[in-house]
Amino acid sequence: MKNVLITGAAGNLGKAAVEKFLATGYHVTAIVSIGDKNKLEGTGTLTIYEADLTNEKLVEEMIGKIITKHKTIDAAILTVGGYTSGRIETTDGDTIQKMIELNFCTAYFVARPVFQHMLSPSGRIILIGARPALSPSDGKNAVAYALSKSLVFKLAELLNAEAQGKNVITSVIVPSIIDTPANRKAMPNANFSDWITSAEITNTMLFLASENGKALRDPILKLYGNS
Ligand SMILES: NC(=O)c1ccc[n+]([C@@H]2O[C@H](COP(=O)([O-])OP(=O)(O)OC[C@H]3O[C@@H](n4cnc5c(N)ncnc54)[C@H](OP(=O)(O)O)[C@@H]3O)[C@@H](O)[C@H]2O)c1
């Protein structure tokens, strides 16, 4: 049985990914924030770990334990991240550091040991980008978020360069606005049907993790729906 590791597994997208991969016959190694374990329903093929993914040393130890216990991580889906708005005049260094910690360090600290494990024999890493990091006209309204997410794209490029000739592929999925309860509450007048759904995103994750996605190189998948 293939093992997929999912971070942010109690969040909107992470939880949808857990459900999709369990339903497809994967073993899921779910990592949730400390105190969030009971937000997921345990089954025989779901193992849940709690961790603060900004703590590099603890993350490295935990990934080591996961590899010892489950032998293989076939795919890793790193969803932890968060948004803050703010144009250049209100974005200080502290805000930038906090966003880099949340959006980049939480991915890097997991991706680094997982990538090295996957080099022999294979694996798939899926990172979550964001449109403001690719589009300055969006990014100028969320400077710290855009800068922190831009590191995620750069990380994927560097991992793919390092893995050249090997069977490890790092992809970036770039959702526009996801149809979540939080977004509906924040933007009650928007046309929700234009938004991308978690189901559409998790179908793409499944494809990337599957044999069908193995010919892709340097994949950046923009899932913008109609927004
Ligand atoms: N929602 C959107 O419209 C949208 C659009 C584009 C891109 N994205 C990206 O998509 C990803 C998922 O978004 P989402 O809406 O599913 O977010 P979410 O619901 O806020 O989920 C994020 C999860 O990460 C956890 N987390 C935060 N800090 C952590 C830490 N230090 N250690 C361990 N876990 C931590 C959170 O736990 P707690 O809640 O307990 O902190 C939460 O369960 C993010 O990277 C986001 O930037 C989202």
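Structural remarks
- Selection of the range 93-114 for residues being in contact with a helix residue (DSSP H, G or I) (Cβ under 9 Å, 6 or more places away or on another chain), open to solvent by 20 Å² or more (accessible area, probe 1.4 Å) and of a type outside the set (K, R) yields T95, I96, Q97, I100, E101, L102, F104, C105, Y108, F109, P113.
- Residue check for N141: modelled with pLDDT of 95 or more and over 15 Å from the mean Cα position of the chain (by Cα): yes
- A Cβ distance below 7 Å, combined with a sequence gap of six or more or placement on separate chains, defines the contacts here; from the range 146-168, residues that are open to solvent by less than 70 Å² (accessible area, probe 1.4 Å) reach residues that are of a type in the set (D, E) and not in a helix (DSSP H, G or I) in the pairs N160/D218.
- Among the residues examined, S137 does not qualify as closer than 25 Å to F207 by Cβ, more than 12 Å from the ligand (Cβ to nearest atom) and surrounded by fewer than 20 Cβ atoms within 10 Å (Cβ to Cβ).
- Positions within the range 172-227 being free of Cβ contacts under 8 Å to residues at least 12 places away in the same chain and closer than 25 Å to P121 by Cα, in sequence order: F207, S210, E211, N212, A215
- Among the residues examined, I34 qualifies as assigned to a loop (DSSP other than H, G, I, E, B), more than 16 Å from the chain's Cα centre (by Cα) and either on the phi > 0 side of the Ramachandran plot or within 16 Å of the ligand (Cβ to nearest atom) (or both).
- Taking each residue of the range 55-73 that is within 14 Å of Y108 (Cβ to Cβ) and looking for partners that are open to solvent by less than 40 Å² (accessible area, probe 1.4 Å) and of a type in the set (S, T, Y) with beta-carbon atoms closer than 8 Å, six or more apart or interchain, yields nothing.
- Cβ-Cβ under 6 Å pairs, at least 6 apart or on other chains, the range 8-20 side closer than 13 Å to E41 by Cα, far side among the polar types (S, T, N, Q) and assigned to a helix (DSSP H, G or I): A16/S198; A16/T202
The values are calculated or read from the model by the stated rules, or taken from the named source; none is laboratory data. Remember, it's a predicted structure, so these values are computed and weren't measured experimentally. Don't worry about glycine lacking a Cβ; one is built from the backbone with ideal geometry, like all the others, and counts go over all protein chains shown. Just the protein is used for accessible areas: all its heavy atoms, side chains included, with ligands, DNA and RNA removed. Shrake-Rupley method; radii C 1.70, N 1.55, O 1.52, S 1.80 Å.
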